[in-house]
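Beneath this line is the structure, given in C-alpha cells, with notes to follow.
The values are calculated or read from the model by the stated rules, or taken from the named source; none is laboratory data. Since the structure is predicted, the reported quantities are computational estimates derived from the model, not experimental observations. Here the Cβ positions follow ideal geometry from the backbone for every residue, glycine too, while neighbour counts run over all protein chains shown.
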Amino acid sequence: MVTLLLHIANADAIKVDVDGLPDPTHVALLCRNPRERTDKEVNWLEEGVTLIMFPWWRINFIEILPDQDAQVDFPLPFRED
C-alpha cells in the first residue's frame, strides 16, 4: 500500500492510499481511505465513503509520501572525507 498526497484542481490536497504507483496511461486514479492532510475525515464526501476515483484531468500533481516504518537514507549534497 502506498500513501499519496493528491493536489486536486481548485481543492485542498488530500491523502489517499493506493495499491501501487499510479499508471499515467489510465484515465482515472482509484484511491482508498480519502482524508485530509491531518488525517481527518474529508467533509465533501458522503459519510462512510472509503473508495473514490479521480480523473487525471482533476489532478495537478501527486506527492508520494514515505512509509512511516521505512528508514530512508538520502544522499548528502556534499562529500564526506
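Descriptive notes on the structure:
- Counted as qualifying within the range 11-69 are the strands (runs of 3 or more DSSP E) with 1 or more residues that are touching a residue at least 40 places away in the same chain (Cβ under 8 Å), in contact with an Asp or Glu (Cβ under 8 Å, 6 or more places away or on another chain) and under 13 Å from Met1 (Cα atoms), namely 14-18.
- In the range 34-62, the residues that are of a type in the set (Val, Ile, Thr) and in contact with a strand residue (DSSP E or B) (Cβ under 8 Å, 6 or more places away or on another chain): Val42, Val49, Thr50, Ile52, Ile59, Ile62
- Among the residues of the range 13-40, those identified as among the charged types (D, E, K, R), modelled with pLDDT of 90 or more and loosely packed, with under 12 Cβ neighbours inside 10 Å are Asp19, Arg37, Asp39, Lys40.
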